[in-house]
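This report refers to the structure that appears directly beneath it.
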Amino acid sequence: MSVIIVGGTAGIGKELARHYAARGQKVVITGRDSIRATDVAAEVGAATGLGFDLADPSGIADALSVVTGPVDHLVLAAIDRDANTAAKYDLSAASYLVTLKLIGYTEVVHALAERMSPDGSILLFGGMARVRPYPGSTTVTTVNAGVIGMVRTLSVELAPIRVNSIHPGIVGDSPFWKGKPAAVLEAFRAGTLTGRLASMDEVVSAAAFLLEHRSINGVDLVVDGGWR
């Protein structure tokens, strides 16, 4: 089995790479920096690290030309954030994030489509800002909602290859959230029906389920403990 994780040098993408490498799978991870990608690949036991920038889609196909098929699972986990309001709109920041998340994701799929196994699957990472916007989330909310549309069209265009998306809530032990003030995390925790925040292990488990279950297709899975 071969697994490609775009955005596998940090956070949940890195943990997912570690998960598959520990199972003896051939794992390729990518990040913006090729040296860091190679170093992280060695750290987690992945086979290969590649460097390219999703926000520069013209270079994606060349960077992925070294990947040999068949590709069984493709994970698009790379994320970025901005604080961008309509009142004080930063065109450069907005263009960067839209290109990275929507055009960059799609170009990766385009570059690898002919090397995907017919029994393979693709998993896109979105986020709950798509339905729970906050001040400054204009672009983040838009691109995460766009992931839903990508699942709809890609699952039809690429059939029988399966395409799903995962939308984590607040992941309490992730690098982004674990350093936040306890009061902030407690407020989010109190808003969940489970009384706890999702963990990285739980998101990895849910991601693996979506990737591997051969009858799960066109699904947008929320992993947030019933956050209200």
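Taken together, the values in this text are just the output of simple stated rules run on the coordinates, not laboratory data. The structure displayed is predicted, hence computed values, not measured ones. So basically every Cβ, Gly included, is an ideal-geometry build from the backbone, and we count neighbours across all protein chains shown.
Rounded to 0.05, the FRET efficiency of the Ala93 and Ala187 pair, given R0 = 25 Å and the Cβ-Cβ distance, is 0.40. Between Ala206, Ala86, Ala37, the GNM of the chain built on Cα springs shorter than 10 angstrom shows Ala86 fluctuating the most.
Diagonalising the gyration tensor over the Cα atoms of the chain and scaling each eigenvalue by 5 before taking the square root yields semi-axes of 26, 20, 18 Å, largest first.
Could you tally the net charge around Leu97, taking each other residue with its Cβ under 11 Å from the Cβ of Leu97, Lys/Arg +1 and Asp/Glu -1? It would help to have the intermediate numbers written out before the result.
Working: positive: Arg81, Lys101; negative: Asp80, Asp82, Asp90.
That works out to -1.
Subtracting the Cα-Cα distance of Glu43 and Asp82 from 0.36 nm times their residue separation leaves 11.1 nm of extension gain. When the alpha-carbon atoms of segment 71-185 are used, the pair Rg, Dmax equals 15.6, 48 angstrom. Counting every other Cβ atom within 10 Å of each residue's Cβ, Lys14, Lys88, Lys180, Lys26 order from fewest to most as Lys88, Lys180, Lys26, Lys14.
Between the C-alpha center of segment 1-58 and that of segment 201-225 there is a gap of 19 Å.
Neighbour counting of Cβ atoms within 10 Å sorts the residues Glu202, Glu212, fewest neighbours leading, into Glu212, Glu202.
With θ taken as phi - 60° and the Karplus curve 6.51 cos²θ - 1.76 cosθ + 1.60 applied, the whole-hertz 3J(HN,Hα) list for segment 214-221 is 6, 10, 9, 8, x, 9, 10, 8 Hz, x standing for glycine and proline.
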